[in-house]
Amino acid sequence: MLYVARHGETEWNQKGIISGRSDIALSEKGYEQAALLAEEVANLSTPITQIIHSPLERARETARIVADKNQLSLNMDERLLELDYGDYDGTSDQQEGYLKTRTQFAVRYPHGESLMDVYARVVPLLTELEQDSENIYLLVCHNSVIRAIKNYFEPLENEKVFDYRTPNAKLIGFDWKKIVSISKSA
């Protein structure tokens, strides 16, 4: 089993501001969401044994709150960084150019990266974690990273990939045994 969770809410999330690589702190509501996530993790029937998080503060702080409540160690992995939205980082999420690029799997944002780039950096991490049968991991990361992870486990049609949004601090479980992937031969 693998668990993932998006970081708690930030003020930029509330305001509809794109916060890719910008290192934005959790809002008061984000701290509350992280505490609720920590409780949810504490009540899992099969306990998480390790947490890996993005280096960005909003994910790192969410992970810390969960780790403190559950006496878990923290590890940071750069591959869990949010998608680099390039020129759109720190701007409104209602811009026409952003919205158009957002629906293209392989098109990079100006001076940024594409969802395909995120997928390419996350899959090696997933492959490593799948080989470790001794641990149950929680990855605390970002919406685009979770979108790529979901597509790894459950390949989605293009439109569904881009419609998929993960609420802040929502715990999602994936079963290694149920991976549907063209890279795995029958």
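So here's what we get for this one:
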| item | result |
| --- | --- |
| Residues located in the stretch 23-47, provided they are closer than 30 Å to G86 by Cβ and of a type in the set (A, V, I, L, M) | I24, A25, L26, A34, L37 |
| Odd one out for Q94, checked against (1) open to solvent by less than 20 Å² (accessible area, probe 1.4 Å); (2) touching a residue at least 40 places away in the same chain (Cβ under 8 Å) | (1) |
| Pair list, Cβ under 6 Å, 6 or more apart: the stretch 107-132 residue at pLDDT 95 or above, other residue of a type in the set (D, E) and open to solvent by less than 60 Å² (accessible area, probe 1.4 Å) | G112/D84; E113/D84 |
| Failed criterion for E78 (all others in (1) out of contact with any strand residue (DSSP E or B) (no Cβ under 9 Å at 6 or more places or on another chain); (2) more than 29 Å from P155 (Cα to Cα) hold) | (2) |
| Those helices (runs of 4 or more DSSP H) lying entirely in the stretch 1-78 with at least 1 residues aromatic (F, W, Y) | 11-15, 28-42 |
| Residue in the stretch 132-144 that is more than 29 Å from I65 (Cα to Cα), open to solvent by 50 Å² or more (accessible area, probe 1.4 Å) and either over 16 Å from the mean Cα position of the chain (by Cα) or among the aliphatic types (A, V, I, L, M) (or both) present | no |
| The stretch 165-180 - residue that is surrounded by 15 or more Cβ atoms within 10 Å (Cβ to Cβ) and in contact with a helix residue (DSSP H, G or I) (Cβ under 6 Å, 6 or more places away or on another chain) and, of those, modelled with the lowest pLDDT | I179 |
| The listed residue being open to solvent by less than 40 Å² (accessible area, probe 1.4 Å), closer than 19 Å to L129 by Cβ and not charged (D, E, K, R), out of A63, A38, A34 | A63 |
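The values are calculated or read from the model by the stated rules, or taken from the named source; none is laboratory data. Just so you know, these numbers come straight off a predicted model, no measurement behind them. Don't worry about glycine lacking a Cβ; one is built from the backbone with ideal geometry, like all the others, and counts go over all protein chains shown. Side chains are part of the model used for accessible areas, which takes the heavy atoms of the whole protein and leaves out ligands, DNA and RNA. Shrake-Rupley method; radii C 1.70, N 1.55, O 1.52, S 1.80 Å.
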